[in-house]
Every structure is written in C-alpha cells, then in structure tokens.
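Working notes for the structure below.
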Amino acid sequence: MNWTRKHLLDIESLDAGEIRTILDTARAFKAVGERTIKKVPALRGRTVINLFVEPSTRTRISFELAAMRLNADVINFTAEASSLKKGETLRDTGKTLEALSADIIVVRHSAEGAPHLLSRVVDCSVVNAGDGAHEHPTQALLDTFTMFEKKGDVNGLNITILGDILYSRVARSNIWALNKLGANVTLCGPPTLVPRIFEQIGCRVTHNVDEALADADIVNLLRIQHERQRLSAFPSIGEYRSLFGLTNERFARLKPDAIVMHPGPINRGVEIDSEIAEHPRSTILDQVTNGLAVRMAVMFLVSGGKTFPEPSE
Ligand code: CP
C-alpha cells in the first residue's frame, strides 16, 4: 500500500506507485461490483458531499453511486439552487459543508485551482472532479484503469490523444499519468489547440493526423471545449471533422488491435463518427463503468482506508 494522502487534487503530484495503488484498489472494488452484494461498509457513518459548480453527468453520478456503494451518506449540492447564487464564496461554502460534518467534498469547478483552495481551508478530504482546464484526475485514473484492462499495461504503448488539448483537463491528467507509467504519448489536433510547448513535458506533438494514428495502440479522443475557448480555434465543425476527426476511413487504417477511447460527452460526427462509438473496439462505456470502481477506490484511500473490507451483510 503506497498511499498517505488526505486529498486527491491532481495527477501531477502523484508518483507512479501511488497511481498503481489506486488502480490496484479499484480492481478490488470492481470485483465487489460483480458480486450479488455490491456494497461494502468502508465509509459507513461518513458523509460525502458532491459540490458540482459545473455541469456533469458521468462524474457526478458515479461519485454519488460510489459513495453509496461504500455505505456513506451522500448529499448532492446543486450550485444553481445554493447560496453561491447570493454571492457566498467557495471558501465559506466549504466551511459551511464542513460544519455539517462533511468527511469528503468532491468538487467540480470552472476555476483552475478551486479544489486546491478548498483543501487549504477545510479539514475534511477534498477530491478534484475537474477544475477548469487544469486537471480531471479521476478521469485519467479510470482511463488508465481501462487501458490496463484492455492492454495489460501501458508501459511502452503508443497512445495518441487527439483533439482539443489546450483547454482539456482530461488531456493534462492523462499526460501526467501516462508519462509516469512509461507510455509514449502523442498529441494531435489543430496547431491552435495543440501547441508545441507540450513537447517540454515529454510528449510528441504533431498536427498531421495520419502520422499520429499510424502507430497508435490506443487513440483517446477529446471533444472541442467550446465552453473554455476564448476565440474560435478553427474555422468550422466540418473542417475540424475532415482534418482531425476519427472518421470511418481513418479508423479502418488503425492497427487492427487499436482501441478507441473517449471520456464523454461525445459529439457524434465531429471528433468521432457515430459507427466508431458503437464499435467493439470502442471503450467509451467501459470507461463509464470503470469510473465507479476508481471513485470508490479514491474515496476509500483518502479516508484512510488500508485494508480492503469485506462486503456488508
Ligand atoms: N467525462 C466527464 O467528466 O463527463 P461529465 O462532464 O459528464 O462528468
């Protein structure tokens, strides 16, 4: 067991051993999810609050379900119906949730660093569920978990991340995780969304999609983050698809055992042709399923969990 942290704020500050500890723990929790009794008492009596200040389907629901599977009490905080609308600060909101006995606050926020700020002002655990364009650590962990499941390991594999890298927290967290675990990471997309500066953290950068796909064992597609782009980074959706989309024609030229990943939500006919999303070599829904086990593992570990518990009666 290589875990002593109270929070999960990013992947950048983790080492490979800590990442592997989360993945190993998630494997045990995935096995629990395949039993008749899918719950364990690991967080019985604890309170998890999902503080989502940005929209989410997959992350919020899987954190909620993960907390339930751990037997925690769960509260979903809805920003639109909260006192944030009356001008309450994130700090004061966090302190208020702590005064109501929160043990873990799971936070998604449009501001980079919001979970880090919260972790400095509350005593409970904070888990980052996505902060602006900075990081989305549990997404990278569930992506990596899925890669291990499909390929055995990522060490030495060629992994292409294709799309909007500049504004993507998923890309940043994946890059940190994959670099630490020994994968060869290629980034591809329009030059406005994939600057060469990423070469400085050990990635290959190319703006030629055929070159990026030719030797890929795994292709991880990202949607265009319209909500974060200050200016239009390419002329039209049609042009994006023809130059950088994973079309059926490009898919046919991939290595025969290459898998296609996407964190969701997908934009069919833009970054991915619809048929590919349904293809047996697409792992999009496996990723969603694996998010549950990964989030159970993260909440178990930040709560001080050491010995994997038996399921409750
Ligand atoms: N992948 C992801 O974070 O999806 P949601 O925005 O639906 O949570």
Taking region 184-202 on its own, how many of its residues are open to solvent by less than 10 Å² (accessible area, probe 1.4 Å) and either among the hydrophobic types (A, V, I, L, M, F, W, C) or in contact (Cβ under 8 Å) with a residue 60 or more places away in the chain (or both)?
-> 5
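Please pick out the residue among Val107, Val170, Val121, Val127 that is modelled with pLDDT of 95 or more, open to solvent by 10 Å² or more (accessible area, probe 1.4 Å) and within 16 Å of the ligand (Cβ to nearest atom). Quick ask: steps written out before the conclusion?
Values: Val107 fails: open to solvent by 10 Å² or more (accessible area, probe 1.4 Å); Val121 fails: within 16 Å of the ligand (Cβ to nearest atom); Val127 fails: open to solvent by 10 Å² or more (accessible area, probe 1.4 Å).
Selected residue: Val170, the only one of Val107, Val170, Val121, Val127 that is modelled with pLDDT of 95 or more, open to solvent by 10 Å² or more (accessible area, probe 1.4 Å) and within 16 Å of the ligand (Cβ to nearest atom).
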Residues Phe63, Phe52: which one is touching a Phe, Trp or Tyr at 6+ places or on another chain (Cβ under 8 Å) and either within 16 Å of the ligand (Cβ to nearest atom) or open to solvent by 10 Å² or more (accessible area, probe 1.4 Å) (or both)?
-> Phe52
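Got a sec? Which strands (runs of 3 or more DSSP E) wholly within region 204-287 have at least 1 residues that are at pLDDT 95 or above and open to solvent by 50 Å² or more (accessible area, probe 1.4 Å)?
Numbers: elements: 204-206, 218-221, 259-261.
The qualifying strands (runs of 3 or more DSSP E) are 204-206.
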Only one of (1) more than 16 Å from the ligand (Cβ to nearest atom); (2) assigned to a loop (DSSP other than H, G, I, E, B) is not met by Asp24, so which one is it?
-> (2)
Look at Ala133 and say whether it is part of a helix (DSSP H, G or I), within 14 Å of the ligand (Cβ to nearest atom), in contact (Cβ under 8 Å) with a residue 12 or more places away in the chain and farther than 24 Å from Arg46 by Cα.
-> no
Would a scan of region 64-80 turn up a residue that is among the aliphatic types (A, V, I, L, M), in contact (Cβ under 8 Å) with a residue 24 or more places away in the chain and closer than 19 Å to Leu9 by Cα?
-> yes
Some residue of region 30-40 being among the aliphatic types (A, V, I, L, M), within 16 Å of the ligand (Cβ to nearest atom) and over 15 Å from the mean Cα position of the chain (by Cα) = no
Considering only residues of region 22-40 that are free of Cβ contacts under 8 Å to residues at least 40 places away in the same chain and not aliphatic (A, V, I, L, M), which is least open to solvent (accessible area, probe 1.4 Å)?
-> Asp24
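The values are calculated or read from the model by the stated rules, or taken from the named source; none is laboratory data. From a predicted model like this one, the values you see are computed outputs, not experimental measurements. Don't worry about glycine lacking a Cβ; one is built from the backbone with ideal geometry, like all the others, and counts go over all protein chains shown. Only protein heavy atoms, including side chains, enter the accessible area calculation; ligands, DNA and RNA are left aside. Shrake-Rupley method; radii C 1.70, N 1.55, O 1.52, S 1.80 Å.
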